[in-house]
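First comes the structure, then the notes that go with it.
The values are calculated or read from the model by the stated rules, or taken from the named source; none is laboratory data. Just so it is clear, the model here is predicted, and its values are computed rather than measured. Glycine gets a Cβ as well: all are built from the backbone with ideal geometry, and neighbour counts include every protein chain shown. In case anyone asks, the SASA skips ligands and DNA or RNA and just uses the protein heavy atoms, side chains included. Shrake-Rupley method; radii C 1.70, N 1.55, O 1.52, S 1.80 Å.
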Amino acid sequence: MLYLQKAAVTDGWNVYEMLQRIPDTPFLDASYQMTWEDFPNWVAHRVEMADGVGLPEGWVPSTTFWLMDDGIPVALSCLRCRLTDALRKGGGHIGYAVDGTKRGRGYGKALLGLMIQEARRMGITEELLVTVHPDNTASRKVAEANGGELRRETPDRVYYWFA
């Protein structure tokens, strides 16, 4: 069974290992190839970010979730509570990544669908934005499969909006 689990300071080795199988992604704050010793501080910072604690200037609260498949983390996502001008240009409301060994199994599609539901549950009523790199065909298909409306495309980003 697939479900979302909010990042917690009690997260352990299974989450750490999954993160090491996801290539460096900007919204992960360099979690790829971090040491096990650095992991507790990293995840604690992610938990604080959800409450708006310790955010750099111009950042918004962002909640990190793991997509769990019968208790095993297979992907992660971050939900930003609102958009800034910078997030409208790149980033959007939702960022997501799937464990490199779990790709091609429908996890991305399921994750984005669950994150859209979570955004609504958390009270985000505005249209949601997901930005994708133009050459990321898999992520584009994930956005389209979840009803994303392609409204703009630049050489650096593709912009999908969700009602």
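Of all helices (runs of 4 or more DSSP H) completely enclosed by segment 1-91, which ones contain at least 2 residues that are under 27 Å from Thr125 (Cα atoms), open to solvent by less than 20 Å² (accessible area, probe 1.4 Å) and not polar (S, T, N, Q)?
Numbers: elements: 13-20, 39-50, 85-89.
Fully inside segment 1-91 and qualifying: 39-50.
Considering only segment 143-156, state which residues are assigned to a loop (DSSP other than H, G, I, E, B) and open to solvent by 60 Å² or more (accessible area, probe 1.4 Å). Correct list: Pro155, Asp156. The single condition among (1) at pLDDT 95 or above; (2) farther than 25 Å from Asn136 by Cα that Trp42 does not satisfy is (1). A count restricted to segment 114-127 and to residues that are under 25 Å from Asp69 (Cα atoms) and free of Cβ contacts under 8 Å to residues at least 40 places away in the same chain stands at 3. In contact (Cβ under 8 Å) with a residue 24 or more places away in the chain and assigned to a loop (DSSP other than H, G, I, E, B): is that true of Pro134 in this structure? Spelling it out, Pro134 is indeed in contact (Cβ under 8 Å) with a residue 24 or more places away in the chain and assigned to a loop (DSSP other than H, G, I, E, B).
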